[in-house]
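Comments concern the structure below.
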Amino acid sequence: MALKGWKELELGGVILEPGNTIEYQSGKWRVFRPVLDMEKCIHCMICWIYCPDSSIEVKDSKIEGFDYEHCKGCGICARECPKEAIIMVKEAKAIKEEAK
Ligand code: SF4
Ligand code: SF4
């Protein structure tokens, strides 16, 4: 999807289409990514409540992982997790590890 130029944006940056953030892959500019330690997770859903991008993936009331296309790497989930089950790792390092 092509990004709009500044002249095409609504005055004041007003959002006229609610829910349109799904179209923007904010994960592309992430510097850090959250990584879940499933051994520590108690599925309390606190990270899910706090995530500003709805990027915590849940199935049958259990955390499954992260939507890395939309997670912007803010680290709020890691900060709020009471069990320290989420750590933030450098995106570049994680990509290198995946390529091995
Ligand atoms: S806040 Fe931590 S313990 Fe709770 S569901 Fe999220 S990762 Fe698991
Ligand atoms: S790092 Fe931020 S955007 Fe990504 S899953 Fe955690 S709270 Fe959500």
Only helical DSSP H runs with n ≥ 4 go in: add -39500 (n - 2.57) per run for the chain, normalise by residue count and round the 222 nm mean residue ellipticity to 500 deg cm²/dmol. -4500 deg cm²/dmol
What is the diffusion coefficient of the chain in µm²/s, taking the Kirkwood radius over Cα pairs and the Stokes-Einstein relation at 20 °C with a viscosity of 1.002 mPa s? 142 µm²/s
Residue-count net charge about CYS41 - beta-carbon cut-off 9 Å; Lys, Arg +1, Asp, Glu -1: +1
For the chain, report the accessible area per residue in Å² (1.4 Å probe, heavy atoms, rounded to an integer). 77 Å²
Roughly speaking, to the nearest percent, how much of the chain's 1.4 Å accessible area is carbon and sulfur? 56 percent
So which cysteines of the chain have no other cysteine's Cβ under 4.7 Å from theirs? CYS41, CYS44, CYS51, CYS71, CYS74, CYS81
Treating only Lys and Arg (+1) and Asp and Glu (-1) as charged, each at its beta carbon, one finds that the chain has a dipole about its Cα centre, in Debye to the nearest 20, of 420 debye
Counting pairs of alpha carbon atoms under 8 Å apart in space and at least six apart in sequence, what relative contact order in percent does the chain give? 34 percent
Gaussian network model of the chain, Cα springs within a sub-10 Å range: biggest mean-square fluctuation belongs to which of GLU84, GLU23, GLU64? GLU23
Pop out the ³J(HN,Hα) list for region 87-100 in order, Karplus 6.51 cos²θ - 1.76 cosθ + 1.60 with θ = phi - 60°, rounded to Hz; leave Gly and Pro as x. 10, 9, 10, 5, 4, 4, 5, 5, 5, 4, 4, 5, 6, 5
So what's the net charge close to ASP67: Lys and Arg +1, Asp and Glu -1, counting the other residues with Cβ under 9 Å from its Cβ? -3
Quick one: which residues, 5 or more positions from PHE66 or on another chain, have an amide H under 5 Å from its amide H? H modelled 1.01 Å from N in the peptide plane, none for Pro or chain starts. GLU57
Take a quick pass over region 4-100 and tell me how many lysine pairs come in under 20 angstrom between Cα atoms, counting only ones 8 or more apart or on separate chains. 15
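The values are calculated or read from the model by the stated rules, or taken from the named source; none is laboratory data. It should be emphasised that the depicted structure is a prediction, and the values quoted were computed from it without experimental measurement. Neighbour counts run over all protein chains shown; Cβ positions are idealised from the backbone, glycine included. Remember, those area values only see protein heavy atoms, side chains included, never the ligands or the DNA or RNA. Shrake-Rupley method; radii C 1.70, N 1.55, O 1.52, S 1.80 Å.
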